[in-house]
Amino acid sequence: MIIVENIDHINIAVTDLESSAKFYSELFDFEVLNNRDNESILMTLDPIKIKLIKIDKVKNQLTELGLPTLSFTMDVDDFTEAINEIEAKKIKIEKGPEEIDGGESLLFSDPSGNLIEIYYQE
């Protein structure tokens, strides 16, 4: 058995590094840790780290199945405020809000079309 101490980061394919970094920074408060080249940007929302990796075209099989790349748990008040902010920023809502197992879920797209989910459970 391999003993893993933690997960370092999650890679997310994006077509535009700058607009994607701005999206994750302004919407979720991720901070840039490393931006040394034009191919990737490492960001953190402690303890979560994501690495945005530039590619020509995003083909995300999870998104094609309607499954999110990232899923964030929120409390009820923050969930409602988040929906208001997403709508105010004219971010494309893909699905929801809809009831799920004693809570609600909302799916929306990042600038490259990756699905992101916010949800809460009571």
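The values are calculated or read from the model by the stated rules, or taken from the named source; none is laboratory data. A quick note: this is a predicted structure, and the numbers were derived from the prediction, not measured. Cβ placement follows ideal geometry from the backbone for every residue including glycine, while neighbour counts extend to all protein chains displayed. To get the accessible areas, we keep the full protein, side chains included, count just its heavy atoms, and leave off ligands, DNA and RNA. Shrake-Rupley method; radii C 1.70, N 1.55, O 1.52, S 1.80 Å.
Here the Gaussian network model covers the chain, with springs between Cα atoms less than 10 Å apart; of Ala13, Ala88, Ala21, Ala88 fluctuates the most. Accessible area of Phe23 (1.4 Å probe, protein heavy atoms only, ligands and nucleic acids ignored): about 30 Å².
In order along segment 22-37, phi translates into HN-Hα couplings of 5, 4, 5, 6, 6, 7, 10, 6, 5, 10, 6, 9, 8, 9, 8, 9 Hz, rounded to whole numbers, per the Karplus curve 6.51 cos²θ - 1.76 cosθ + 1.60 with θ = phi - 60° and x for Gly and Pro. Accessible surface calculations at 1.4 Å, restricted to protein heavy atoms, place segment 5-122 at 63 Å² per residue. One decimal place: the segment Lys90-Glu26 gains 21.7 nm when fully extended, by the rule 0.36 nm per residue minus the C-alpha distance. Given the options Asp16, Asp78, Asp46, state which has the largest fluctuation in a GNM of the chain using a 10 Å cut-off (strictly under) for Cα springs. So, out of Asp16, Asp78, Asp46, the one fluctuating most is Asp46. Note the listed values (i) 13, 48, 33, 6, 0; (ii) 12, 42, 35, 10, 1; (iii) 13, 37, 24, 16, 8, 2, then indicate which one is P(r) over Cα pairs in 10 Å bins from 0, in percent calculated from this particular structure. Checked against the structure: label (ii).
Would you mind checking which residues have amide H under 5 Å from Gln121's amide H? H placed 1.01 Å from N; only 5 or more apart, or other chain. Under 5 Å from the amide H of Gln121: Met74.
Note on the chain: with a GNM built from Cα contacts shorter than 10 Å, the maximum mean-square fluctuation among Ile53, Ile12, Ile100 falls on Ile100.
For segment 39-84, the list of trypsin sites (Lys or Arg not before Pro) that fall in a loop by DSSP and count at most 16 other C-beta atoms within 10 angstrom reads Lys57, Lys59. Only lysines eight or more places from Lys90 in sequence, or on another chain, were considered; those with a Cα closer than 19 Å are Lys22. When the solvent-accessible area of segment 4-122 is split by element, carbon and sulfur atoms take up 46 percent of it, the probe being 1.4 Å.
Look at the alpha carbon pairs under 8 Å that are at least 6 residues apart: their mean separation over the length of the chain gives a relative contact order of 24 percent. Between 0 and 90 degrees, rounded to the nearest ten: what's the tilt of helix 76-88 against the longest Cα principal axis of the chain? Once rounded, the angle reads 70 degrees.
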